[in-house]
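Comments concern the structure below.
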């Protein structure tokens with residue numbers, strides 16, 4: 001049986017859980033929710049990089065990503081940050097949906113799964 005490692009535990013969730021060779025990312029939101037969708041996404045991707053590094057892997061090992069937008073009109077802005085960050089040689093599977101997020105100031109939330117190195 002594989003051990004479970006929890007990174008960055010908080011009151012109600014853990015930032016990332018490592019199990020069976022995979023890193024499961026909790027929903028990541030921007031630290032600064034006053035930013036526009038592009039800024040929030042860039043902030044989220046910075047957090048993803050940090051969590052993956054802490055887990056011992058990186059964005060080139062992302063398997064799948066789910067992106068939640070409060071407003072699909074923000075898709076182009078969100079994609080500008082995504083496209084600047086994305087490892088073009090190792091693109092993950094991705095789904096993007098519009099969803100009512102937990103706080104009205106959140107424009108983007110992202111979760112995903114990555115493989116360990």
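The values are calculated or read from the model by the stated rules, or taken from the named source; none is laboratory data. Just so you know, these numbers come straight off a predicted model, no measurement behind them. With ideal geometry, Cβ positions are generated from the backbone for all residues, glycine too; neighbour counts draw on all protein chains shown.
Some points to look at:
- The single residue among 22, 101 that is touching a residue at least 40 places away in the same chain (Cβ under 8 Å), within 18 Å of residue 7 (Cα to Cα) and in contact with a strand residue (DSSP E or B) (Cβ under 9 Å, 6 or more places away or on another chain) turns out to be 22.
- With respect to the conditions (1) buried (at least 19 other Cβ atoms within 10 Å of the Cβ); (2) more than 28 Å from residue 19 (Cα to Cα), residue 109 lacks only one, and its number is (2).
- Of all residue pairs spaced 6 or more apart or on separate chains, those with beta-carbon atoms under 9 Å, a first member in region 55-72 that is on the phi > 0 side of the Ramachandran plot and a second member that is assigned to a strand (DSSP E or B) and buried (at least 19 other Cβ atoms within 10 Å of the Cβ) are 56/18; 56/23.
- Total residues in region 60-79 satisfying the condition of being within 23 Å of residue 7 (Cα to Cα) and crowded, with 19+ Cβ neighbours inside 10 Å: the figure is 5.
- Look at (1) buried (at least 17 other Cβ atoms within 10 Å of the Cβ); (2) in contact with a strand residue (DSSP E or B) (Cβ under 9 Å, 6 or more places away or on another chain); (3) assigned to a helix (DSSP H, G or I) and you find that residue 42 fails only one, number (2).
- Test: residue in region 80-92 that is surrounded by fewer than 17 Cβ atoms within 10 Å (Cβ to Cβ), touching a helix residue (DSSP H, G or I) at 6+ places or on another chain (Cβ under 6 Å), within 17 Å of residue 26 (Cα to Cα) and modelled with pLDDT of 95 or more: no
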